[in-house]
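Bear in mind that the values in this text are calculations on the coordinates, not laboratory data. It should be emphasised that the depicted structure is a prediction, and the values quoted were computed from it without experimental measurement. Note that each Cβ is placed from the backbone with ideal geometry, even for glycine, and that neighbours are counted across all protein chains shown.
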Amino acid sequence: MGDGTDEDCPRALVVDDEREVADAYALRLRGLCEVETAYGGEEALRAVEDRELDVVLLDRHMPGLSGDEVLDRFDEGDFDGRVIMVTAIDPDFGVLDMPFDDYLCKPVDREDVQAAVTHQCTVLGYEVLGDYFAVESKRRVIEAELSAEERESHDEFQATKARADRLERRARRLLGDEADALDEFEAIGREGE
Amino acid sequence: MNDRARNAPIGMLDLTPDGTVRDLNPVARELLDLGATDAAGESIDTVFPESVEARVPGAFETPPERERSFDAYYPDLDRWLDVSLVPDGDTVYLYLRDRTEQRRTERQLADAREDVDRLTVTSELIADVLGELVAASTRAEIAETICAQLGETALYEFAWVGERAVGSDDLVMRAAAGVDNRTLDRIADELDGDGRVPERRAIESGEPETVQSLGEADAVAEPIRRAAFADGVQSLLAVPLTGGESVHGVVGVYASDRDAFSERERRNFGTVGEMAGFAVTAARNRSLLSADRVVELTFSLTDSEAPLVAAAEETETTLSVTGLIPDGDRLVCYLDAEGDAPRTVEHALDGEAVLGTRVVAAGEAGGSLELILDDSTPLGQLVGQGATLRTATYDAGEGRIVVELPPAADVRRIADAFTRVHHATVVAKRERRREATTVGEFRDALGDRLTDRQENVLRTAFFADYFESPRGSTAEEVAEALGITGPTLLHHLRAGQRKLLDEFFETTD
C-alpha cells in the first residue's frame, strides 16, 4: 500500500511469505518507490495483473508457489517489469545468464535494497524510453497525415497515442530527473517548419 | 490516567479524538520503544512507529467513533502489536498487546507441520522405491526404477544414477529423470576423473553426502553451482549403492528446498542405497548364471533313501529326469522310464518326500511320469543351492547327477554339503564353455521377459507333454501339479506364450 505521496515514483512489489520480511523491505523502499506487499506467490500474481508494476522483489523460497514458479508465470504472462530475486544464500555469481535481473541475499539492508531497485528502475526506464521513441515517432507520422477531425475517429492513431502516453509516463516515473532525453526529443522539430 | 491503568499489564494510551496523546502507561512506553521521550502532547503519527498499512494513525484521520482492532508488524520495533482502539466520549483509548512471541511460535509450528508432511510423503515414496527394487532384475532396470521414482515426484527436481566407468576414475550416467534443467547437463560435463561432483565423494567413501546450499558449496565445480543457482536447485543428497563391501554406484537426488534432506531422510535414503546395492548384487549373480563359462559337477548317488534311486533299483528300470521345475518348497519332476511299465514305477515311488505321482505316457516297457518331490530330496537340495540340473539318470542302485554352477559359486562348499547329507561322491568336475550362445542369449532375453510364474507354468506344461498332440496331460493335470486352478494356468500359459513369441519374432527378424 502506498502512502499516497509516491504517485510519480516507480512502482515496486515486495513478495515474501514471511510478513515481517516483506514489511521490513517495504519500509526500506518508502520514499524511493510506491510499494506494495504480497505475502505469497498467488497474491503476487494477482498484484501484477491488477496494476502495471516496475520492479518486483521476489523471495525465492516460499511454501506453495515458490519464487521460481512465480517467475515462470511472469515469463508466460505479459509482465514486463524487472525482477530481483531475494535468496537466503550468497553464491557470489554475476547475474549473467540467470533467469532474473538481479538477486539480493537475505538479510538485505536499506542501502542495498534501494541501490538494487534504483538500478533496475534505470535499466527499465531506458528500455521504456526506447519503446516510447519508436511509438511516438509512429504517432507523429500518422498525425501528420490526418486532419484534426480525422484523428478523433482514427483507431490506429488513438491506440498509438494512448500507448505513447503510457510509455512516456512510465519512463518519466522510472527515470525521474534523468528523463531529460524526453524533453530533448520533444524539442526536435521533425516537420521541417 | 489512574493507578490501575498505569500499573496494567498491557500498554495503554489516552488520546484526544484527533489523535493527540494525553497520557500513556509504562508498558505502552516500552512496547513503542519511546524511552524517556515525553510523548504527551505529541501526535499519534509521530508516537506510533511505521507499519506497512499504517492503520493506527489512519484511524484518527477523522475522529474515531467505534471500537476497532489492528494486528500488525512494526519492522522498526521488530515487534507484532495487537492494538484495540476504544472511543469513549472525548477520549480515545488504545490498548496494546505484544503478539511477537505468539506469532513466532505459530510460524515455528507451521514449519514443523510442513516438515512432518514432507517426511510422511518421503517415507511413502521410499517404500514405493523399495517395493519396485525387489522386482527389478537388471542393473539398467534398477537404475531406471530409482530415477523414475525419485526424479518424477514433485518433492525433488531430478535424480540421476551413476556408476564408475570400467578401467578409469570416470563416472558414467546410467539413468536420469526429472525436470529438464541445466544443472544435470553441467553434472554430465563433470563426470571425468577429476570432476568435482558430490556423487564422486559418495562413491569413494561409501557414505551418503549431503549439500544444503549448492550455490555456495565450494567443493562442487562452479559450472554446476552456477547452473544450480539459476535453476533454483538448492540441496542434494548423494547415496552410494552398496552391497556388502563394494559400492556399485551412486544416486544423486536434487531438491529446490534447502532443508529437503533431514537426518531422518538421509537414513531412509541410506536404506534405498543398500537395497539397490543388494539388487545389483543379485542381478550380477543372475548374469553369472548366464556367463559363458560354467563349472560342471557329476555326482554319483547311492543313497537308497533317495526315492528315485530306490525306485530304479526296485523295478530294474532306468529312470532319467527330462525336466525339473522348482516350485516354492517342492519340485515338479518329469521322468522317462525304460524297463518296467510306468505304473509299476509309480507304485515304487513312495516315501515321505514323494508328494505326488502321475503317469503321463505309458507303454509296455516304459513311458513317462510326473513326480512331485519335496525340497529335502537330493535334487531339491542341489537346485536350492543355485545349481542347474543338466542330467540325472538312475539305474541299478545308482544315480548319476550332472549339474552346472556359475564359476563364482562356492563349488567345493556345495559339493561338501551334498556329500555330507547323502551317500554320494563327486565323480567329475570340469569347467567348460557354455553351449550355443545364441540359444543361451535367447533364453536369457526370454528369462528377462517372463515372470518366474510364467516360466514355471510353461516349463511344467512342456515337460508334461501338454503341447504334444494328442496332449500328454490336460490343463487340469498341469494345473494340479502346480497347485493352481485351471483358469490361472491358462492365464499364465497364454501370457508366457505371448512373450515367447514376442521374443522369437523379434530375435529372428
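Brief remarks follow.
- Averaged over B:226-237, number of beta-carbon atoms from partner chains that fall within 10 Å: 4
- Whole-number D in µm² s⁻¹ for the protein assembly as shown, Kirkwood Cα-pair radius fed into Stokes-Einstein, 10 °C, 1.306 mPa s: 48 µm²/s
- Taking a span of 27 Å or more along the helix axis (Cα atoms) and a mean Kyte-Doolittle hydropathy of at least 0.5 as the rule, no DSSP H helix of chain B qualifies.
- Summarising the label geometry, the points placed 7 Å from Cα in the beta-carbon direction at residue B:82 and residue B:474 lie 8.2 nm from one another.
- Candidates B:119, B:331, B:240 compared by Cα position along the dipole of chain B: farthest toward the positive end lies B:331, with charges placed on Cβ.
- Distance from segment B:230-278 to segment B:65-116 (C-alpha centre basis), Å: 43 Å
- Based on the convex hull around the alpha carbon atoms, chain A presents an average projected area of 12.9 nm².
- Restricting segment A:26-62 to trypsin sites (Lys or Arg not before Pro) in coil, as DSSP defines it, with at most 12 other Cβ within 10 Å: A:51
- In this simple spin-label approximation, residue A:112 and residue B:304 carry label points 7 Å from Cα along the Cα→Cβ vector, and these lie 9.4 nm apart.
- Taking label positions 7 Å along the Cα-Cβ direction at both residue B:23 and residue B:38, the computed distance is 1.6 nm, reported to one decimal.
- Working from Cα pairs under 8 Å separated by at least six residues, relative contact order for segment A:4-143 is 21 percent.
- Peptide B:214-222 - average C-beta neighbours from other chains (10 Å radius): 2
- Once the Cβ-Cβ distance of residue B:376 and residue A:69 is raised to the sixth power relative to R0 = 56 Å, the FRET efficiency obtained is 0.35.
- Whole-angstrom gap from segment B:313-357 to segment B:1-17, using each part's C-alpha centre: 103 Å
- Gain in span if fully extended, residue B:282 to residue B:8, counting 0.36 nm per residue against the direct Cα distance: 91.2 nm
- Report summary: the helix-based calculation at 222 nm, which adds -39500 (n - 2.57) for every DSSP H run with n ≥ 4 and divides by the residues of the protein assembly as shown, gives -14000 deg cm²/dmol.
- Mean Cβ count within 10 Å, highest first, over the residues of peptides B:306-318, B:203-215: B:306-318, B:203-215
- A Förster radius of 56 Å combined with the Cβ-Cβ distance from residue A:127 to residue B:485 puts the calculated FRET efficiency at roughly 0.15.
- If R0 is 51 Å, the Cβ-Cβ spacing of residue B:110 and residue A:162 corresponds to a FRET efficiency of close to 0.65.
- Both radii were evaluated on the Cα set of chain B; the Rg over Rh quotient, with Rh as the Kirkwood radius, amounts to 1.30.
- In terms of packing, defined here as the mean over residues of other Cβ atoms within 10 angstrom, the peptides A:35-42, B:232-239 line up highest first as B:232-239, A:35-42.
- Treating each Cα of segment B:112-288 as an identical point scatterer and summing with the Debye formula, the log10 of I(q)/I(0) at q = 0.08, 0.09 Å⁻¹ comes to -0.21, -0.27.
- Neighbouring partner chain Cβ atoms per residue of A:83-91, average, 10 Å criterion: 4
- Hydrodynamic radius by Kirkwood, which averages 1/r over all alpha carbon pairs of segment A:11-120, in angstrom: 13.6 Å
- Segment A:21-38 and segment B:468-482 have Cα centres separated by 83 Å.
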